[in-house]
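In what follows, a structure is listed as structure tokens, so that the remarks can point back to it.
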Amino acid sequence: MTEYPLTEQDDYTPPEVWGWDKKSGGKFEDINRPVAGATHDEKLPVGEHPLQLYSLATPNGVKVTILLEELLDCGVDDAEYDAHLININDGEQFSSGFVAVNPNSKIPALMDHSTSPPTRVFESGAILLYLAQRFQKFLPVDPAERPECLSWLFWQVGSAPYLGGGFGHFYNYAPTKMEYPINRYAMEAKRQLDVLDRRLAENEYISGDDYTIADMAIWPWYGRMVQGKLYDAGEFLQVSTYKHLKRWADAIDERPAVQRGLMVNRAWGPPQRQLRERHDASDFELKTQDKIGGDDSVE
Ligand SMILES: N[C@@H](CCC(=O)N[C@@H](CS)C(=O)NCC(=O)O)C(=O)O
């Protein structure tokens, strides 16, 4: 192994006390803040259905729209929902209305108006679990099987920040390419991909024989990564070596509910794949961006 060379960029001496006195650079410099709470007063819209989702079609956002569309495909009519677009680049996650649903100011966030008072749920993993429990689908009932599903669900929630906030941030979004963090997170990203590849060598789905919320949580991150659709890093991480993970990712990609879930609250890419707001199942046919035209993309 070669000795790691210190570049000028790495040679930073932190001050005694960190201060928010200069822009960090990079894609999120205008929205990141060191404090929580609302920046402005604004109510959230509320549609007709009991389930109101406030989201954006990022990997964390599509976990939930995939589950909702899967539930509807299973005939669970009570899973009909309104999905409102939250433009995180414009700071809409910092409105007083959004902060009341998610004090952590991150999409996705859900309100369930079928309860009295309405129930708020934030954190994508908690939303998946809430909906799976409420509709008794995509979560094993057998006490011997449920822990495996929950273990992988929580594995995703704990692991993906290394893939996104770590690898993706430094490989894709940071203002300069720095060897130390890219190395550190590429190593961890590859280790995680191998964890999944080994699991899927012996199981059709993440949790075993059945497709569950664990697959829906993991696919938008690791499935998209192994398909070369995340951070343009397929070659860099040599994702084609994870053959079992690729087999699983391609199978899930073919599911109609997954394809619809990817479109909801999407405000970039081909206009026919963008359903920025979803209020009815017919919206996929009638309200995509190519049909209604309108604003520029979120990115
Ligand atoms: N652990 C959270 C992460 C959610 C998250 O990071 N959301 C991002 C988009 S993918 C967000 O809303 N970012 C806005 C911000 O950081 O201000 C979850 O799984 O729901």
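Each reported figure results from applying straightforward, stated rules to the coordinates on display, with no laboratory input. Quick caveat, the model's predicted, so the values are computed rather than measured. Every residue, glycine among them, receives a Cβ derived from its backbone with ideal geometry; neighbour counts consider all protein chains shown.
Taking S151, S96, S124 as the candidate residues, the one with maximal mean-square fluctuation in a Gaussian network model of the chain, Cα springs under 10 Å, is S151. Between the C-alpha center of the stretch 260-287 and that of the stretch 155-177 there is a gap of 27 Å. Which entries of K27/K243; K27/K63; K23/K106; K229/K287; K43/K137 show an alpha-carbon separation above 27 angstrom in the structure shown? Violating the 27 Å limit, Cα to Cα: K27/K243; K43/K137.
Max-minus-min Cα coordinates of the stretch 146-255 on each principal axis give 43, 25, 22 Å, with the largest extent listed first.
Taking label positions 7 Å along the Cα-Cβ direction at both V157 and D21, the computed distance is 3.9 nm, reported to one decimal. FRET efficiency for the K177 to T241 pair, using the beta carbon distance and R₀ = 35 Å, is estimated at 0.90. Take every Cα-Cα pair in the chain and report what % of them are more than 30 Å apart. Tail of the P(r) past 30 Å holds 36 percent of the pairs. Between D280 and V35, the FRET efficiency estimated from the beta carbon spacing at R0 = 35 angstrom works out to 0.35. Please work out whether the stretch 43-186 counts as rounded, prolate or oblate from its C-alpha gyration tensor, where a ≥ b ≥ c are the square roots of the eigenvalues and a/c under 1.5 means rounded, while otherwise a/b larger than b/c means prolate and anything else oblate? The shape class here is oblate. Would you mind telling me which residue in L286, L153, L71 has the biggest mean-square fluctuation in a Gaussian network model of the chain, where springs connect alpha carbons within a distance under 10 angstrom? The residue that fluctuates most here is L286.
Annotation for K287 and R146: the two label points, set 7 Å from Cα along the Cα-Cβ direction, are 3.5 nm apart. Taking a sphere under 12 Å around the Cβ of D30 and counting the other residues whose Cβ falls inside, with K and R at +1 and D and E at -1, yields a net charge of +1. Would you mind getting me the FRET efficiency between Q133 and V195? Use the beta-carbon distance for r and R0 = 30 Å, nearest 0.05. Here the calculated transfer efficiency is 0.70.
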